[in-house]
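To keep things clear, I will list the structure first and then write my remarks on it.
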Amino acid sequence: MELPQKHSATGTTIFTVMSALAQQHSAINLSQGFPDYPIDEQLGKLLYEAASTGYNQYAPMPGLPMLRQAVAGDFKKRYNLDIDADTEITITPGATYAIYTAFTAVLQAGDEVIVLEPAYDSYIPNIEMNGARVVPVSLSAPEFNVDWDKVKAAVTNKTKAIIINTPHNPTGAVWTQEDWDALAEIVRDTDIVILSDEVYEQIIFDGQKHISILQQPELRERSFALFSFGKVFHNTGWKIGYCIAPPAFTTAFRRIHQFLCFTVNTPGQYALANYISNSNAPLLHSMMQQKRDYFLELMKQTPFTIHKPAGGSYFQVAGYEQISDMPDMEFAQWLTKEYGVATIPVSAFYSNKKDDRLIRFCFAKKEDTLLEAVQRLSKLSI
């Protein structure tokens with residue numbers, strides 16, 4: 001019996017491969033994007049409270065009303081945006097799920113989707129599983145800016161969607177208003193849909209402000225904006241995210257969502273709703289900037305090249321041209337085995353495995369973890 005191959009990816013994801021290698025060699029895992037420090041104690045208490053007070057059965061398909069209302073209130077407070085909790089917000093089991101569901105809501109066989117690479121590894125399989133064709137456009141390494149002439153040249157009469165990501169995984173690059181204006185000009189007078197992956201929107205550094213697609217009136221009416229509670233509250237294992245989209249898009253999204261998972265775990269939704277509404281937690285970007293700056297200062301002890309500090313996200317890209325001329329996949333595996341630090345090769349985020357001799361570190365870790373990792377890396381020689 002032969003089962004259909006729904007996408008071109010083979011084997012397990014690079015995150016699984018490198019995490020398994022890290023475990024095998026007792027390496028410090030700076031590869032996969034998850035924190036190694038605890039969640040806020042109050043958030044954990046709210047989860048217990050939910051389970052203890054009866055929030056254990058199915059939530060409504062779009063999500064608990066109290067959580068959707070909390071999200072709407074949060075965006076009003078942080079962005080001064082008016083979002084309808086009933087018709088524009090859907091709670092999902094993670095942002096990766098939300099990306100797949102948004103693609104499934106809009107794509108048909110033969111459609112084309114522009115993907116800016118390097119890109120999060122779920123994008124291309126999601127597109128292909130819906131019978132559409134990927135049109136990759138490379139960002140300009142090592143700054144990873146968008147070449148808008150290339151994007152414009154990639155648009156055809158079959159282009160159905162463009163997926164974008166800011167702050168960017170894996171590179172930490174952040175979009176400017178000029179980027180949004182360029183995108184708006186390209187899609188104007190077309191029916192191209194935008195998927196805006198903004199899971200790191202609260203992790204942004206150096207006094208910058210995240211600019212959301214929801215703040216672009218011309219683009220908001222044709223977009224799915226996708227977010228993750230896990231990245232914001234250090235609880236990636238809860239797997240809860242959300243999609244914000246105009247009412248017609250939300251209807252199409254929920255038409256798929258109701259038959260994929262129907263709903264999301266209720267205790268987690270209750271805890272998040274109350275935490276968002278009542279929390280006095282410190283601003284996430286301040287804490288994460290301290291971690292990024294600490295990591296960058298430590299990295300001065302090593303022969304790695306930091307071409308540009310991450311502008312946002314959990315991640316810092318570094319070059320190793322002073323250490324080795326190995327391909328990045330081989331180098332990342334060698335580094336894990338010989339020096340006990342696991343990273344991700346950036347070529348894994350390209351469909352053609354383009355190799356700029358760069359690797360990605362995750363600095364969303366305890367200071368002790370980062371210190372021990374860099375102490376190991378400092379033994380590398382030029």
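Tabulated data
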{"quantity": "First in segment 266-293 and at pLDDT below 95, second anywhere and of a type in the set (S, T, N, Q) and crowded, with 17+ Cβ neighbours inside 10 Å, Cβ under 7 Å, 6 or more apart", "calculated": "Leu284/Gln202; His285/Gln202"}
{"quantity": "Strands (runs of 3 or more DSSP E) completely within segment 103-175 that count 3 or more residues being in the same structural domain as Leu214 (by TED's automatic domain parsing) and surrounded by fewer than 20 Cβ atoms within 10 Å (Cβ to Cβ)", "calculated": "133-138"}
{"quantity": "Extreme residue, surrounded by the fewest Cβ atoms within 10 Å (Cβ to Cβ), among residues of segment 320-334 that are assigned to a helix (DSSP H, G or I) and touching a residue at least 40 places away in the same chain (Cβ under 8 Å)", "calculated": "Gln333"}
{"quantity": "Counted residues, segment 254-272 - those being part of a helix (DSSP H, G or I) and crowded, with 23+ Cβ neighbours inside 10 Å", "calculated": "6"}
{"quantity": "Pairs where the first residue, in segment 156-180, is on the phi > 0 side of the Ramachandran plot and modelled with pLDDT of 95 or more and the second is part of a loop (DSSP other than H, G, I, E, B) and of a type in the set (Ser, Thr, Tyr), C-beta under 7 Å, 6+ apart", "calculated": "Gly172/Ser313"}
{"quantity": "Selection status of Tyr48, closer than 29 Å to Lys209 by Cβ and either assigned by TED's automatic domain parsing to the domain that holds Arg360 or of a type in the set (Ser, Thr, Tyr) (or both)", "calculated": "no"}
{"quantity": "Residue among Gln57, Gln32, Gln5 that is exposed (fewer than 14 other Cβ atoms within 10 Å of the Cβ) and either under 30 Å from Arg376 (Cβ atoms) or in the same structural domain as Ala225 (by TED's automatic domain parsing) (or both)", "calculated": "Gln57"}
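Results for (1) touching a Pro at 6+ places or on another chain (Cβ under 8 Å); (2) buried (at least 20 other Cβ atoms within 10 Å of the Cβ); (3) of a type in the set (A, V, I, L, M); (4) over 20 Å from Ile114 (Cβ atoms), shown as yes or no for each residue.
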position	(1), (2), (3), (4)
Val187	no, yes, yes, no
Thr190	no, no, no, no
Ser196	no, yes, no, no
Val199	no, yes, yes, no
Ile203	yes, yes, yes, yes
Lys209	no, no, no, yes
Leu219	no, yes, yes, no
Ala225	no, yes, yes, no
Phe233	no, yes, no, yes
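The values are calculated or read from the model by the stated rules, or taken from the named source; none is laboratory data. Bear in mind that the values here come from a model prediction, so they are computed numbers and not experimental data. Here the Cβ is made from the backbone with ideal geometry for all residues, glycine too, and neighbour counts use every protein chain on show.
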